[in-house]
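**Student:** Would you mind keeping the following structure in view while I ask a few things?
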Amino acid sequence: MSKSSAMKNTSQLTKREEDMKYATRYVKPILGAIGAWPVSFSSSFMSKILLRTEHILTYFLFFLIIVPTIMYVFFKEKNNKIRLKLMGPIINCTMQFCKYTILLWRTNEVQKGLDVMKQDWITATDENRLIFRSKAKIARRVVLTAAITMYGGGLCYRTILPLLKGPIITPDNITIRPLPCPSYFVILDEQKSPNYEILFLVQILAGFVIYAVISGSCGLSALFVLHACSMLRILVDKMKALVDMRDMSDTMVQRRIMDIVEYQTKIKRFLKNIETITEYICLTEMMGGTCLVCLVGYYILMEWENNNIAAVLIYVTLQISCTFCVFILCYIGQLLIDENQIVGQASCMINWYHLSTKHMRSLILIIAMSNYPMKLMAGKMIEMSLATFTGVMKLSMGYLNILREVI
């Protein structure tokens, strides 16, 4: 009998571990490819060396885009419209550089969040497991959609767009072959072969890294926030079950109240950990996303005036990608707000009159904690919600109108 019980427990544990793999199936390989996924302290020495190599290579690719492009804008390009057109890639790459640094800086916090998730999956009942799985399914769709839109539009921008332009012949009879991101190297002629071909491929590789940071950071934020939403949904079920049975003993009621308070405290700690990871990622996305939506919208208008339909379609895809990244962070913030409101309402709707006077007093702490919700914040300044998303879009369109009038 004990042997069959042990086999059953082993089977359940394996099933829960598979559920955890299900939740992280897309975000883990994306962040793992750039060395931003936490590795255990017991990893081999070679694994740690490989991780450091990934970090160095990723930062090298970031700087290879940012520095030469900035130098090109200030030292070679004289046309203000083309300068403005190059500000989009510079801003985007700088944003992802900042987010990548934040992910590496908060590796311990990410590992703590993953440990909490794994423990929740292992200890979850069948009913709670369905709740976790439904939210994990949404998180998987988020990271998959972000990856498809970013890699689709981004790779078209870095491959098809420069190839469609073709070689440009200057008035001095000099042939200029366009790069995905025009660059200026003081000691290197980027137009000579094989320099041009190598730079072209390296800039495409840099695009893979940039889009991995975008989709990975959105996916990781969605994974954690939606897991917190699952925990809040389970907390509501615990509150509803508190007074389901009127003939419960005082000891049983006390245990349920204690379980609710401990679970609330656990959720608060988990949300605080999420805030530590995502607050500056969200702030970077809000600030940079506002600029990118404005600039890409301006690029669409420029190409439309030039009757370049292929470029318009590529920029429209990029606009959708930029807007989606801002939207998804605001959307998961709104989901967290909604779940907190449900918890607050559930705490006030408890049939407290079925409890003894002593246990009624214990509900005060539960109600107080339930009506002090934690929200997803951007740098402790901006509340992530659909109202914020609307504000960002309005601000971007306002800047776009200013650009149209000034330039």
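**Student:** Taking K and R as +1 and D and E as -1, what net charge do the other residues with C-beta under 15 Å from the C-beta of residue 158 add up to?
**Tutor:** +2
**Student:** Would you mind checking which residues have amide H under 5 Å from residue 185's amide H? H placed 1.01 Å from N; only 5 or more apart, or other chain.
**Tutor:** Placed amide hydrogens put 190 under 5 Å from residue 185.
**Student:** Carbon and sulfur atoms: what percent of the 1.4 Å accessible area of the chain do they account for?
**Tutor:** 64 percent
**Student:** So, in Å, what gap is there between the alpha-carbon centers of region 74-139 and region 140-183?
**Tutor:** 24 Å
**Student:** Let me ask you something else. Considering only the other residues whose Cβ falls under 13 Å of the Cβ of residue 334, what net charge follows from Lys and Arg at +1 and Asp and Glu at -1?
**Tutor:** -2
**Student:** At R0 = 45 Å, how high is the FRET efficiency between residue 160 and residue 255 if r is their beta carbon distance? Nearest 0.05 is fine.
**Tutor:** That pair, residue 160 with residue 255, gives E of 0.10.
**Student:** Between helix 357-370 and the chain, what is the angle of the helix's C-alpha long axis to the longest principal axis, kept within 0 to 90° and rounded to the nearest 10?
**Tutor:** 0 degrees
**Student:** Let me ask something else. Which value in Å does the Kirkwood hydrodynamic radius of region 49-169 take, with 1/r averaged over all unlike C-alpha pairs and then inverted?
**Tutor:** One decimal place: 18.4 Å for the Kirkwood radius.
**Student:** Please list, or write none, the aspartates and glutamates whose alpha carbon is within less than 18 Å of the alpha carbon of residue 28, excluding same-chain residues fewer than 8 places away.
**Tutor:** 17, 18, 19, 54, 109, 115
**Student:** Given 20 °C and 1.002 mPa s, how large is the Stokes-Einstein diffusion coefficient of region 275-377 in µm²/s, with Rh as the Kirkwood radius over Cα pairs?
**Tutor:** In µm²/s, the coefficient rounds to 124.
**Student:** Residue 304 to residue 381: extension gain in nm, 0.36 nm per residue of separation minus the Cα-Cα distance?
**Tutor:** Extra length from residue 304 to residue 381 when fully extended: 24.0 nm.
**Student:** Next question. Springs between alpha-carbon atoms under 10 Å, Gaussian network over the chain: tell me which of 307, 371, 173 tops the mean-square fluctuations.
**Tutor:** 173
**Student:** Starting from region 117-218, pick out the trypsin sites (Lys or Arg not before Pro) whose DSSP state is loop and whose Cβ has at most 15 other Cβ atoms within 10 Å.
**Tutor:** Taking region 117-218 and a limit of 15 other Cβ atoms within 10 Å, the loop trypsin sites (Lys or Arg not before Pro) found are 192.
**Student:** Cβ under 9 Å from residue 374's Cβ, residue 374 left aside: what net charge do those residues give with Lys, Arg +1 and Asp, Glu -1?
**Tutor:** After counting each charged neighbour, the total is +2.
**Student:** Rounded to the nearest 0.05, what FRET efficiency do residue 170 and residue 397 have when you use their Cβ-Cβ distance and R0 = 30 Å?
**Tutor:** Efficiency, from the Cβ-Cβ distance: 0.25.
**Student:** Oh, and also: Can you tell me the accessible area per residue over the chain, all protein chains present, probe 1.4 angstrom, in square angstrom?
**Tutor:** Normalised by residue count, the accessible surface of the chain is 51 Å².
**Student:** So what is the calculated 222 nm ellipticity per residue for the chain, using -39500 (n - 2.57) for each DSSP H run with n of 4 or more, over all residues, to the nearest 500 deg cm²/dmol?
**Tutor:** So the helix-based figure for the chain works out to -27500 deg cm²/dmol.
**Student:** Please report the orientation-averaged projected area of region 192-261, defined via the convex hull of its C-alpha atoms, in nm².
**Tutor:** Averaged projected hull area, Cα only: 6.1 nm².
**Student:** Further question: Round to a whole angstrom and tell me the spacing of the C-alpha centers of region 190-240 and region 243-302.
**Tutor:** 19 Å
**Student:** Between Rg and the Kirkwood Rh of the chain, both from Cα atoms, what is the Rg to Rh ratio?
**Tutor:** Computed over Cα atoms, the ratio is 1.08.
The values are calculated or read from the model by the stated rules, or taken from the named source; none is laboratory data. Here the structure is a predicted model, which is why all the values come from computation and not from measurement. For neighbour counting, all protein chains shown are included, and Cβ atoms are generated from backbone atoms with ideal geometry for every residue, glycine included. Note: areas computed on protein heavy atoms with side chains; ligands, DNA, RNA excluded. Shrake-Rupley method; radii C 1.70, N 1.55, O 1.52, S 1.80 Å.
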